[in-house]
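Accompanying notes for the structure given below.
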Amino acid sequence: MNDKKLIGVDLGGTTVKFAILTTDGEIQQRWSIDTNILDEGSHILPDIIDSINEHLKLYNMTPNDFVGIGMGSPGSVDIEAGTVIGAYNLNWKTLQQAKKNIEAGTGIPFSIDNDANVAALGERWKGAGENDANVTFVTLGTGVGGGIIADGNLLHGVAGSAGELGHVTVDPVNGYLCTCGKRGCLETVASATGVVRVARDMAEEFAGDSKLKQTLDDGDEISSKIVFDLAKTGDKLALMIVDRVSYFLGLALANVGNLLNPKFIVIGGGVSAAGDFLLKRVDKYFKENTFPNVRETTSLRLATLGNTAGVIGAASLALK
C-alpha cells in the first residue's frame, strides 16, 4: 500500500484543484482547472473525470496505482451515498451522483465530504493541527465555515451540520440578519463580507480623523484586507472595527473551546491573512471568555497550509 498514491480534489466555485499525494500526505503533483458552472453545473463531474484520466496518462499511471480519490465539495454532502445537493455556487440545484460517476469514469474508489471539513482534515494532518486527535478548524472567507475533529473523529452530526461555526450566534439582539434566516451569526461579522459590513456601519457613527472613513465617505469600495491594512497603520476607525470583529470571533471560539476543549483551534481562510495582528486580538477575547482549564490547554493558531489544505484533507478521505 505504501507505494500506492492518493488523489485529492478540492472543488470550488471558480477552480477545481487536484493533487497526487503519497499515503504520508506529501504532494507530488498539483494542477487545477476552471469550474464550468454552465448548464446547471452538468459539466463539472465530467470535467473532473477527464482531468484525472488525462493526468494519469501524462504520468504513465493506472487506476491500480491509487488507493483512492477524495474530494471536498460545497453544498450538502451525503458521505455514505457519495452525493451532493444544494451547492448553489456550482449551480448544483439537483442531486449529483459524485461517487457513482467518478468511480465509473476513473475506475478508482472515491470518497467525498464537505469542503470545510476536508480543509479541517488537511490542517489537522499536515498543518497547524500537528495531527492531534482534537482540532477545530474555522475558515474566514466569503462566509465562515468550520470542521471539528474530536478524539480523532471528524464530526458530522445527524444531518451533516456539525462544525457550522459560521452560524454560532454572537449578537442575538443587535446582530445582522444572516442568509440562514437567523440574526447575529458569526458569519455576518467575521467573514470578509461581514468585516466590510461592520466597517460601513461604524464609519457612519465615527466623527474623528480616519483614512478609512474618508475612503468610505468618498464612495470608494473597500475590502477586509484594506480594513486590516489601515488598522496596522494605526487608523482609529479601522482599529475599532478590527476590535469589534475580534471580540465576536474570540467570543465564538471561546464557546467552542468551552464545549470541546480541543488542543488547537486553527484559523484559516482569506481574513486570516491579517496574521498575528488579528490572532493576538482574537486571543485576548478568547482568554477572557474561556474558563481556566480551557484557557490553559486550548490554544488558537493560524492555518499554515493555505491553498493546499483542501486537496491534502480530501486525499486523506481515501485512507479511511
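The table that follows gives values for the structure above.
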quantity	calculated
Inverse mean reciprocal Cα-Cα distance (Kirkwood Rh) of the range 103-176, Å	13.8
Solvent-accessible area of residue 240 with every protein chain in place, 1.4 Å probe, in Å² to the nearest 10	90
Amide H within-cut-off set for residue 71, under 5 Å, with H built and near neighbours excluded	9, 111, 112, 113
Order of exposure, largest accessible area first, which applies to 173, 242 with probe 1.4 Å	173, 242
Cα long-axis angle, helix 192-205 against the chain (0 to 90 degrees, to the nearest 10)	10
Karplus-derived HN-Hα couplings along the range 212-220 (A = 6.51, B = -1.76, C = 1.60, θ = phi - 60°), whole Hz, x at Gly and Pro	5, 4, 4, 4, 5, 5, 6, x, 7
Antiparallel %, DSSP beta bridges [both residues in the chain], to 5	60
Highest-first arrangement of 113-124, 45-56, 145-156, 287-298, where packing means the average Cβ count within 10 Å	113-124, 145-156, 45-56, 287-298
Sulfur and carbon atoms: percent of accessible area, the range 162-320 [1.4 Å]	51
Convex hull projection area averaged over all views, the range 56-126, Cα basis, nm²	5.8
Largest to smallest accessible area among 283, 229 [probe 1.4 Å]	229, 283
Mean Cβ count within 10 Å, highest first, over the residues of peptides 312-318, 186-192	312-318, 186-192
Solvent exposure ordering (accessible area, 1.4 Å, most first) of 125, 31	125, 31
Solvent exposure of the range 70-175 as accessible area per residue, Å², 1.4 Å probe	41
Built amide H within the under 5 Å cut-off of residue 302, gap 5+	267
Dipole of the chain, positive end: most advanced residue of 237, 313, 297 [Cβ charges, Cα centre]	297
Out-of-range pairs (alpha-carbon distance over 23 Å; input 225/287; 225/284; 263/287; 236/263; 213/287)	225/287; 236/263; 213/287
Relative contact order for the chain, counting Cα pairs under 8 Å that sit 6 or more residues apart, in percent	21
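The values are calculated or read from the model by the stated rules, or taken from the named source; none is laboratory data. Nothing here was measured: the structure is a model prediction, and the numbers come from that model. Here the Cβ is made from the backbone with ideal geometry for all residues, glycine too, and neighbour counts use every protein chain on show. With ligands, DNA and RNA removed, areas are computed over all heavy atoms of the protein, side chains included. Shrake-Rupley method; radii C 1.70, N 1.55, O 1.52, S 1.80 Å.
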